[in-house]
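**Student:** After the C-alpha cells below, expect a handful of questions from me.
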Amino acid sequence: MMYLIRFSPNDTKFASCSDDSFIRIFDFMTGTEERELRGHGSDVKCVDWHPHKGILVSGSKDSQQPIILWDPKSGKKLATLHAHKNTCMAVKWNRHNGNWLLSASRDHFCKVFDIRNLKEELQCFRGHKKEACTLAWHPIHERLFSSGGSDGSIYFWLVG
C-alpha cells in the first residue's frame, strides 16, 4: 500500500513511500522509477523533500530507524534519527528557514530538529492524548505549526 507521494521543489521528481519499506524516486516527465531507497525495516509512512537542498527525509514504523535523511541522487543515508519510541507518522521541512525538520509520532509527541545539529532535538511538544498523525507549518509565520491527532484533536504550537 502506498502511503504518500511528494513532489520535489523543482517539480522534476516525485517520491513515494509505502508498506514495502522502500522510498521510490520517479522522474515526473517520463513517469519512470529512477531509484529505490532501502534502509527502513518496515512501512515507510511519510516522506518530504527539503525546500532548497537535495535532501529527502522519511519516517517509518521501524523502531530501529524511524527517521532517515537521504541523498536522493546517490540513494545513500545522510543521517538517522532515533527520535521517537513509536512509528513516525509525519515529517515536514520548514519551508521558511530550511533548517527545521518537524516530526509527529504514535508516541503522542511532535519534535523539531535543526539539521545543523542533529545530535539532539531542538524542541519536543507534548499534548496529544493519542498518536500525532499529521503536521503543517504555517505558510507565513516561520515558528508556527499545527498537528493533528488520531482522536480528532488539532493543536497549534510555537517553536522557541
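Since every read-out is calculated from the coordinates, none of them should be taken as a lab result. None of the values given here were measured: they were computed from a predicted structure. Please note: Cβ atoms are built from the backbone with ideal geometry, for glycine as well, and neighbour counts cover all protein chains shown.
**Student:** Only residues that are of a type in the set (Phe, Trp, Tyr) and under 14 Å from Val91 (Cβ atoms): list them for the stretch 121-157, please.
**Tutor:** Listed by number, the residues that qualify are Trp137, Phe145.
**Student:** Go through (1) over 19 Å from Leu56 (Cβ atoms); (2) touching a residue at least 24 places away in the same chain (Cβ under 8 Å); (3) not in a loop (DSSP other than H, G, I, E, B) for His128 and report which single condition fails.
**Tutor:** Unmet for His128, out of (1) over 19 Å from Leu56 (Cβ atoms); (2) touching a residue at least 24 places away in the same chain (Cβ under 8 Å); (3) not in a loop (DSSP other than H, G, I, E, B): (3).
**Student:** Then there is this: Being assigned to a loop (DSSP other than H, G, I, E, B) and of a type in the set (A, V, I, L, M, F, W, C) is the filter here, so list the residues in the stretch 107-125 that pass it.
**Tutor:** The answer is Phe109, Ile115, Leu118, Leu122.
**Student:** Going by the conditions given, is Ser21 farther than 16 Å from Ala104 by Cα and among the small types (Gly, Ala, Ser)?
**Tutor:** Judged against the criteria, Ser21 is a match.
**Student:** Test of understanding: among His40, His52, which residue is buried (at least 21 other Cβ atoms within 10 Å of the Cβ), outside any strand (DSSP E or B), out of contact with any Leu (no Cβ under 8 Å at 6 or more places or on another chain) and not aromatic (Phe, Trp, Tyr)?
**Tutor:** Answer to the check: His40.
**Student:** Restricting attention to the stretch 134-157, does a residue exist that is under 13 Å from the mean Cα position of the chain (by Cα), part of a loop (DSSP other than H, G, I, E, B) and in contact (Cβ under 8 Å) with a residue 24 or more places away in the chain?
**Tutor:** There is no residue in the stretch 134-157 that is under 13 Å from the mean Cα position of the chain (by Cα), part of a loop (DSSP other than H, G, I, E, B) and in contact (Cβ under 8 Å) with a residue 24 or more places away in the chain.
**Student:** I've got another one for you. Which members of the stretch 56-95 meet the condition of being hydrophobic (A, V, I, L, M, F, W, C), farther than 17 Å from Phe14 by Cβ and touching a residue at least 24 places away in the same chain (Cβ under 8 Å)?
**Tutor:** Answer for the stretch 56-95, where residues must be hydrophobic (A, V, I, L, M, F, W, C), farther than 17 Å from Phe14 by Cβ and touching a residue at least 24 places away in the same chain (Cβ under 8 Å): Ile67, Ile68, Leu69, Ala79, Leu81, Ala83, Cys88, Met89, Ala90.
**Student:** Here is a further query. Out of Ile23, Ile5, report the one residue that is crowded, with 18+ Cβ neighbours inside 10 Å, touching a strand residue (DSSP E or B) at 6+ places or on another chain (Cβ under 9 Å) and either free of Cβ contacts under 8 Å to residues at least 60 places away in the same chain or assigned to a loop (DSSP other than H, G, I, E, B) (or both).
**Tutor:** Of the residues listed, the single one that is crowded, with 18+ Cβ neighbours inside 10 Å, touching a strand residue (DSSP E or B) at 6+ places or on another chain (Cβ under 9 Å) and either free of Cβ contacts under 8 Å to residues at least 60 places away in the same chain or assigned to a loop (DSSP other than H, G, I, E, B) (or both) is Ile23.
**Student:** For the stretch 130-160, which residues satisfy the criterion of being charged (D, E, K, R) and surrounded by 14 or more Cβ atoms within 10 Å (Cβ to Cβ)?
**Tutor:** Residues satisfying the conditions are Glu131, Glu142, Arg143.
**Student:** Restricting the search to the stretch 8-19, which residues are part of a loop (DSSP other than H, G, I, E, B) and surrounded by 14 or more Cβ atoms within 10 Å (Cβ to Cβ)?
**Tutor:** Answer for the stretch 8-19, where residues must be part of a loop (DSSP other than H, G, I, E, B) and surrounded by 14 or more Cβ atoms within 10 Å (Cβ to Cβ): Ser8, Pro9.
**Student:** Could you list, in sequence order, all residues of the stretch 97-106 that are assigned to a loop (DSSP other than H, G, I, E, B) and either in contact with a helix residue (DSSP H, G or I) (Cβ under 8 Å, 6 or more places away or on another chain) or within 23 Å of Lys61 (Cβ to Cβ) (or both)?
**Tutor:** Arg106
**Student:** Is it the case that some residue within the stretch 56-79 is in contact with an Asp or Glu (Cβ under 7 Å, 6 or more places away or on another chain), among the hydroxyl-bearing types (Ser, Thr, Tyr) and not in a strand (DSSP E or B)?
**Tutor:** no
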